[in-house]
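Working notes for the structure below.
The numbers here are math on the coordinates, done by the rules we state, and not lab data. The structure presented is a predicted model; accordingly, all values stated were derived computationally and were not measured. Here Cβ is always computed from backbone atoms with ideal geometry, including for glycine, and neighbour counts include all displayed protein chains.
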Amino acid sequence: MGALAESYKDTLLEPQHIPLDYGSVHTLPDSHVWLDESDESPSGVHSTGPPLIDLGNPDAARLIIQACETWGVFQLIGHGIPTKLMEDVLSEAEKLFDLPVDQKMKALRSPGASQSGYGLPPISPFFEKLMWHEGYHIMGSPIDHAKLLWPNDYQGFCDTMVHYRNQLKALTEQLIRIIFKSLNINPEEVAWLKESQGLSIGLQLNCYPACPDPTRAMGIAPHTDTSLITILQQSKVSGLQVFKEGAGWVLVQPIPGAITVNLGDFFHILSNGVFTTVRHRVVATQVRRLSFAYFYAPPGDFIVSPVLSKDFGEVPRYRTLSVKEFVGIKGKHFEKALSVIQN
Ligand SMILES: C=C1C[C@]23C[C@@]1(O)CC[C@H]2[C@@]12CCC[C@@](C)(C(=O)O1)[C@H]2[C@@H]3C(=O)O
Ligand SMILES: O=C(O)CCC(=O)C(=O)O
Ligand SMILES: [Fe+2]
């Protein structure tokens, strides 16, 4: 199923690491109160957000590379993902998160197994406080877990998610080709890009339920993605913030029809640290917010070695390692993973 199926497999999931029955909670429990940590405070979000790029623009490739260096994230229009499909994903996800909590718990993600199923973010054990979040992850076939949610009516959900995943795969690979060229990597020589074997692909449906005390809660704690690229669809409600040196936490305002593209750790390592693996978080909100994140990573045995050149630096900032090895290091050291492999 690919290396990401092993992400955070040894983190210690305690019994409290399951979503609350949010609909029945009217005051924020102490377990979910996040104290403001100076620069981590949700206030002070003023700067203009990451660039908006039209993939149909003849200058798109240059703008994308520029955004990879300066932000590690951009918004994209002209991407070719049908609006109807994006709406269908939203309505299937709403149907899922609207289920009674007992039903959702039937599809609970099991610790140490693949990442599929319902639950809190797998990074939860790295934090003292719990996130105001419920998620549903699809890795491989969506059928087994969907059958647990809707024993007789799972096909529509599965068809929509598989169709969406296929469309996002084509778009992601188009973006990877553009970025590889700038790194002087010939996409035609990358076997997994041509043959799609051993890839890790995960689709995470995120729900941030309406929160009674949003300024003291956290939707998803700060992290970078363990991916090459992540493609995100945000619903109309804003909540995603990215950390920008010199500006602090900056809001990524949802734009109707646009998708948000962010680079993950593997492009950061490959580019010798020149492309940003953007640190991001999601703040809690007064109204429910949904988002859908598509994670794409190379096969576990792919060797990630920083590209060296005049533009990317002549000295490797990170040691060469396999995707699988990095996933293991991230699972153990989380936010410190990149410094662990620094030369
Ligand atoms: C594909 C993956 C990326 C992810 C770990 C996982 O194997 C499955 C869940 C993903 C997710 C979604 C919410 C935020 C995040 C940090 C987390 O806790 O689980 C990401 C993981 C990641 O990017 O490392
Ligand atoms: O909800 C969002 O906007 C971002 C979610 C996210 O960071 C993730 O799923 O990795
Ligand atoms: Fe993320």
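The condition of being in contact with a strand residue (DSSP E or B) (Cβ under 7 Å, 6 or more places away or on another chain) and either under 28 Å from THR224 (Cβ atoms) or in contact (Cβ under 8 Å) with a residue 12 or more places away in the chain (or both) holds for only one of PRO142, PRO121, that being PRO121. Residues in segment 308-317: is at least one in a loop (DSSP other than H, G, I, E, B) and closer than 30 Å to GLY23 by Cβ? Scanning segment 308-317, I find no residue that is in a loop (DSSP other than H, G, I, E, B) and closer than 30 Å to GLY23 by Cβ, so the answer is no.
Scanning segment 206-238 for residues that are more than 16 Å from ligand 3 (Cβ to nearest atom) and either surrounded by fewer than 20 Cβ atoms within 10 Å (Cβ to Cβ) or not aliphatic (A, V, I, L, M) (or both) returns PRO209, ALA210, CYS211, PRO212, ASP213, PRO214, THR215, ARG216, LYS236, VAL237. Filtering segment 239-263 to residues that are on the phi < 0 side of the Ramachandran plot, part of a loop (DSSP other than H, G, I, E, B) and more than 9 Å from ligand 2 (Cβ to nearest atom) leaves GLU245, ALA247, GLN253, ILE255, PRO256, ALA258. Checking segment 273-281 against the condition returns a match, with at least one residue being in contact with a Leu (Cβ under 9 Å, 6 or more places away or on another chain) and on the phi > 0 side of the Ramachandran plot.
Could you please let me know if VAL278 is among the hydrophobic types (A, V, I, L, M, F, W, C), within 24 Å of HIS32 (Cα to Cα) and either within 16 Å of ligand 1 (Cβ to nearest atom) or touching a residue at least 60 places away in the same chain (Cβ under 8 Å) (or both)? Quick ask: steps written out before the conclusion?
Values: among the hydrophobic types (A, V, I, L, M, F, W, C): yes; within 24 Å of HIS32 (Cα to Cα): no; either within 16 Å of ligand 1 (Cβ to nearest atom) or touching a residue at least 60 places away in the same chain (Cβ under 8 Å) (or both): yes.
Judged against the criteria, VAL278 is not a match.
Scanning segment 91-100 turns up no residue that is closer than 26 Å to ALA337 by Cβ, charged (D, E, K, R) and under 20 Å from the mean Cα position of the chain (by Cα). The single condition from (1) away from ligand 2 (no atom under 16 Å from the Cβ); (2) in contact with a Phe, Trp or Tyr (Cβ under 6 Å, 6 or more places away or on another chain); (3) closer than 19 Å to ILE231 by Cβ; (4) not β-branched (Val, Ile, Thr) that ARG279 fails is (1).
Quick one: which of ALA210, ALA146 is assigned to a loop (DSSP other than H, G, I, E, B), within 30 Å of TYR22 (Cα to Cα), touching a helix residue (DSSP H, G or I) at 6+ places or on another chain (Cβ under 8 Å) and away from ligand 1 (no atom under 15 Å from the Cβ)? So that I can check it myself, show each step before the final result.
Working: ALA146 fails: assigned to a loop (DSSP other than H, G, I, E, B).
Just a single option satisfies the conditions, and that option is ALA210.
Do we have THR172 as within 16 Å of ligand 1 (Cβ to nearest atom), assigned to a helix (DSSP H, G or I) and in contact (Cβ under 8 Å) with a residue 24 or more places away in the chain here? Taking the combined requirement at face value, the residue satisfies it. Residues of segment 99-139 that are among the β-branched types (Val, Ile, Thr) and assigned to a loop (DSSP other than H, G, I, E, B): ILE123 alone.
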